[in-house]
Amino acid sequence: MCLVSEKTQKMHRATVKINEIPTEIITYNRWIEEGIAVGGRKDVVIVITGNPGVPDFYKGFAEQLQAKLPSEVPIWIIGHTGHTKTPDNLPNCYPDTKPARHLYDLKGNLKHKIEFIKQYVPADARIHIIAHSIGSWFTINLLRETEIADRVVKCYLLFPTIERMAESPTGRFLTGIVLRIAAVIIFLSWIFTLLPYLLQVVLIRVFGLFYGIPAHQTGAVLQLVHPIPLKRIFLLAKDEMILVKELDDNLISQHKRKLFLYYGANDGWTPIRYYEDLKAKFPDIDAHLCRRGFQHSFVLKVEHSVEIGKMIGNLISESISSLG
């Protein structure tokens with residue numbers, strides 16, 4: 001049942017409860033409660049975000065997917081628990097972080113994705129998963145669930161943070177500096193929310209001019225800098241540093257035919273040696289090293305979001321055509 005809903009000609013956004021947590025879902029072509037079978041086709045594309053898990057960041061990417069896929073194929077974007085603020089017309093209905101930490105951490109978010117698929121994806125559907133960054137870790141671990149793995153056609157893992165996160169250059173920066181001052185950052189974000197809304201927008205757009213964040217992402221950034229979601233974003237990040245360590249080689253080997261991995265050539269989260277180590281272990285795995293200069297945070301760059309959306313959209317379209 002939707003808690004709040006917004007619908008346009010292209011997109012449907014609503015907040016629903018999944019595993020006790022109000023969750024913002026953005027969809028294209030068909031809403032999650034409308035079913036997916038149209039004209040006998042039973043394919044669904046699920047986009048699992050990185051951290052921060054704000055679906056708004058992925059709208060431009062999803063629009064490119066929509067342009068490449070058959071018009072009846074639904075595209076569903078799901079973020080992470082508590083990473084978006086409560087809609088303005090609702091009371092704060094998120095469980096408190098301290099007693100409900102298990103709902104917001106790495107394992108809680110994995111359960112969240114499992115429940116989403118079990119609740120909304122029909123048992124006879126063919127699932128195509130696109131995952132970004134830590135979303136790739138969730139996706140690989142979804143394959144431990146036999147009833148999900150049997151329905152998954154392919155997983156497209158973009159800039160996949162699936163191993164040794166704390167050892168990566170960005171991971172070391174996060175643990176050595178950012179997480180140490182997380183409380184200060186959250187306090188500053190609280191002060192920021194006290195500013196008039198229009199001033200918040202202006203400051204974000206000025207910041208975006210220097211850091212390449214397009215104006216249409218202002219709403220997503222406003223979600224990100226709110227202190228309550230930010231606290232849960234840091235909670236998940238800390239858990240990632242602790243728990244995302246060595247690859248489960250057996251799991252990768254078991255499902256490697258269902259995996260497509262796309263690594264950045266200059267990615268602080270996934271150094272090139274991670275790609276090389278994976279290829280050394282699994283020479284025939286469908287893994288690629290980016291030669292086009294795409295960044296880890298590709299959704300913040302319009303041209304990167306467009307080109308990666310086209311690339312993945314074409315691959316899924318070809319896959320669907322071959323399945324008939």
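The values are calculated or read from the model by the stated rules, or taken from the named source; none is laboratory data. Given the structure is predicted, the values throughout are model-derived calculations rather than measurements. All Cβ positions, glycine included, derive from the backbone under ideal geometry; neighbour counts span all protein chains shown. Quick note on the areas: whole protein, heavy atoms, side chains included, nothing else; ligands and nucleic acids left out. Shrake-Rupley method; radii C 1.70, N 1.55, O 1.52, S 1.80 Å.
Values computed for the structure shown
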{"read-out": "Subset of segment 32-51 [modelled with pLDDT of 90 or more and open to solvent by less than 40 Å² (accessible area, probe 1.4 Å)]", "value": "I32, D43, V44, V45, I46, V47, I48, T49, G50"}
{"read-out": "Test: residue in segment 102-109 that is modelled with pLDDT of 95 or more, under 13 Å from the mean Cα position of the chain (by Cα) and among the basic types (K, R)", "value": "no"}
{"read-out": "Selected residue (criterion: farthest from C155 (Cα to Cα)) from residues of segment 279-298 that are touching a strand residue (DSSP E or B) at 6+ places or on another chain (Cβ under 7 Å) and among the charged types (D, E, K, R)", "value": "K279"}
{"read-out": "Members of segment 125-147 that are touching a residue at least 12 places away in the same chain (Cβ under 8 Å), polar (S, T, N, Q) and under 16 Å from L251 (Cα atoms)", "value": "S136, T139, N141"}
{"read-out": "Meets criteria (touching a residue at least 40 places away in the same chain (Cβ under 8 Å), among the charged types (D, E, K, R) and farther than 16 Å from A237 by Cβ) for K118", "value": "no"}
{"read-out": "Extreme residue, most open to solvent (accessible area, probe 1.4 Å), among residues of segment 148-177 that are of a type outside the set (G, A, S) and free of Cβ contacts under 8 Å to residues at least 12 places away in the same chain", "value": "R172"}
{"read-out": "Residue tally, condition part of a helix (DSSP H, G or I) and more than 16 Å from the chain's Cα centre (by Cα), over segment 116-127", "value": "3"}
{"read-out": "Test: residue in segment 149-157 that is on the phi > 0 side of the Ramachandran plot and under 18 Å from the mean Cα position of the chain (by Cα)", "value": "no"}
{"read-out": "Residues of segment 299-324 that turn out to be touching a strand residue (DSSP E or B) at 6+ places or on another chain (Cβ under 8 Å), at pLDDT below 95 and surrounded by 15 or more Cβ atoms within 10 Å (Cβ to Cβ), as a count", "value": "3"}
{"read-out": "Some residue of segment 181-196 being open to solvent by 50 Å² or more (accessible area, probe 1.4 Å) and within 21 Å of the chain's Cα centre (by Cα)", "value": "no"}
{"read-out": "Number of the exception - Y274 against (1) more than 21 Å from the chain's Cα centre (by Cα); (2) assigned to a helix (DSSP H, G or I)", "value": "(1)"}
{"read-out": "Every pair of residues 6+ apart whose Cβ atoms lie under 9 Å, when the first sits in segment 260-279 and is of a type in the set (S, T, N, Q) while the second is loosely packed, with under 15 Cβ neighbours inside 10 Å and not in a loop (DSSP other than H, G, I, E, B)", "value": "N266/I272"}
{"read-out": "I242 closer than 19 Å to L300 by Cβ, over 19 Å from the mean Cα position of the chain (by Cα), open to solvent by 40 Å² or more (accessible area, probe 1.4 Å) and among the β-branched types (V, I, T)", "value": "no"}
{"read-out": "Identity of the residue in segment 115-147, open to solvent by 20 Å² or more (accessible area, probe 1.4 Å) and hydrophobic (A, V, I, L, M, F, W, C), that ends up modelled with the highest pLDDT", "value": "W137"}
{"read-out": "Output for segment 238-256, where each listed residue is touching a Lys or Arg at 6+ places or on another chain (Cβ under 9 Å) and part of a helix (DSSP H, G or I)", "value": "D239, L243, D249, L251, I252, S253"}
{"read-out": "Where a residue in segment 186-202 is under 14 Å from T218 (Cβ atoms) and its partner, wherever it lies, is β-branched (V, I, T) and part of a helix (DSSP H, G or I), with Cβ under 8 Å and at least six apart", "value": "Q200/T193; V201/T218"}
{"read-out": "Residue within segment 214-229 that is exposed (fewer than 13 other Cβ atoms within 10 Å of the Cβ), at pLDDT below 90 and within 20 Å of the chain's Cα centre (by Cα) present", "value": "yes"}
{"read-out": "Matching residues in segment 248-265 - criterion: being open to solvent by 20 Å² or more (accessible area, probe 1.4 Å) and within 20 Å of the chain's Cα centre (by Cα)", "value": "K258"}
